[in-house]
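What follows is one structure encoded as structure tokens, with my remarks underneath.
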Amino acid sequence: MLNGKSILVTGGTGSFGKEFIKTILRDYPEIERVVVLSRDEFKQFEMSNMPEFKDNSKLRFFIGDVRDKDRLYRAFDGIDIVIHAAALKQVPSCEYNPFEAIKTNVLGAQNIIDAAIDRNVSKVVALSTDKACAPINLYGATKLCSDKLFMAGNVYCGTRKTKFCVVRYGNVLGSRGSVVPYFQELIKNGAKELPITDMRMTRFWLKLQDAVEMVLLSLQEMRGGELFVKKVPSMKMTDLATAMAPNLKLKEVGIRPGEKIHEMLITNEDARNTIEYKDYYVIKPFFKFWGATLDKEQGIFVDPGFEYQSGKNDKWITANQLKEMVSGI
């Protein structure tokens, strides 16, 4: 699927980008080249010196920002596939710097779409977040806007060959900025208790490799305009804290601005357009030209009123499973 192709990953020095690039370099030995586009030269330097990337002749590092359309036009020259992972992602940061979040997450998405179409990129997969589903914070709102832009890109491109789709998933275990490294730092520094914003709180959870596999699946199955959602388990935040520090007390500190008690990946409003497959869902676009099935297997439309929410999931990670998972991070 990727052999002979040139791939570009925006935000490629992030947790997902590094795992994705490591995977495709290993599994597709005939890949033409992989371009890392990001704006932090030091992170690129660190990544280029990691054992799995050091001296790899197929890897390119390209300084640039998705806000800079001219730079994207240069970066996308000769690129077949773009994985768009760059974003401002911290909820509090986006709440206090809304204009900056819009410039990167919304206007940056538009720049990606324009550059991909005009440079004849074949496929673009944009990464989304559970916070884009029924958003209550600015970060989620910008990502929902971004999702809509990428879906509309399939019409906007006219007769050009470029196809766009979106992959939406929840929290990634151990990723930079997530709760696991935060708890680990508190435990390391001798904390007497762990803060829990709300004792009822649940979250979807998946491993980095799960996110990578979902993006690769979407590249294979996409027709243009779909939003892919992987079936993932839920966990209770109290179980996570107990798994990491069974002897520490838990202190409820209150929900932060823009935070939900339960996360959602598919709303009941999306149900009428949602098709269920064995390991994932597809929210199909409203475009009349899009068929109701994908290759390989027949999907089934979900029931009216269906929603995919972390507090109502039929798959749960137990405290013992969480303990085993976080021990490897």
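Estimated purely from DSSP H runs of n ≥ 4, each contributing -39500 (n - 2.57), the mean residue ellipticity at 222 nm for the chain is -10000 deg cm²/dmol once divided by its residues. Summary of the geometry: segment 1-67 and segment 300-324, compared by the centres of their Cα atoms, lie 33 Å apart. Annotation for segment 1-95: trypsin sites (Lys or Arg not before Pro) lying in DSSP loop with at most 13 further Cβ atoms inside 10 Å of their Cβ are Lys54. For the chain, the longest principal axis of the C-alpha atoms and the axis of helix 138-156 are separated by about 20°. Residues Ser122, Ser218 in ascending order of nearby Cβ atoms (within 10 Å, fewest first): Ser122, Ser218. Taking the chain as a Gaussian network, where each spring joins two C-alpha atoms under 10 Å apart, which residue of Val302, Val125, Val229 fluctuates the most? Of Val302, Val125, Val229, the Gaussian network model singles out Val302 as fluctuating most. Computed from label points 7 Å out along Cα-Cβ, the spacing between Asp118 and Gln209 is 4.1 nm.
Once the Cα atoms are used to define both axes, helix 179-188 deviates from the longest principal axis of the chain by about 50 degrees. Taking the 0 to 90 degree range and rounding to the nearest ten, how far is the long axis of helix 108-118 tilted relative to the main principal axis of the chain, both from C-alpha atoms? Around 30 degrees separate the two axes. Using the alpha-carbon positions of the chain, Rg (one decimal) and Dmax (whole number) come out as 19.7, 62 Å. Here Trp316, Trp205 are placed in order of increasing Cβ neighbour count within 10 Å, fewest first, which gives Trp316, Trp205. Each label was represented as a point 7 Å from its Cα along the Cα-to-Cβ direction; for Arg160 and Arg272 these points are 3.2 nm apart. Here the Karplus relation 6.51 cos²θ - 1.76 cosθ + 1.60, evaluated at θ = phi - 60°, turns the backbone of segment 44-59 into coupling constants of 5, 4, 4, 5, 5, 9, 5, x, 6, 10, 4, 6, 7, 5, 8, 9 Hz, with x for every Gly and Pro. Between Phe286 and Glu41, the modelled label-to-label distance comes to 4.6 nm, taking each label 7 Å out from Cα in the direction of the beta carbon. Here the ratio of the Cα radius of gyration of segment 9-153 to 2.2 N^0.38 Å is 1.04. As a proxy for reagent exposure, Tyr156, Tyr139 were ordered by neighbouring Cβ count within 10 angstrom, fewest first; the result is Tyr156, Tyr139.
Ranked from largest, the principal axis spans of the Cα set of segment 159-232 equal 61, 24, 19 Å. Across the alpha-carbon set of segment 161-302, the Rg to Rh ratio works out to 1.07, Rh being the Kirkwood radius.
All of the numbers you see were taken from the coordinates with simple rules; none came from a lab. Fair warning: this is a prediction, and the values are worked out from it, not measured in the lab. Positions of Cβ are generated from backbone atoms using ideal geometry, with glycine treated the same way; all protein chains shown enter the neighbour counts.
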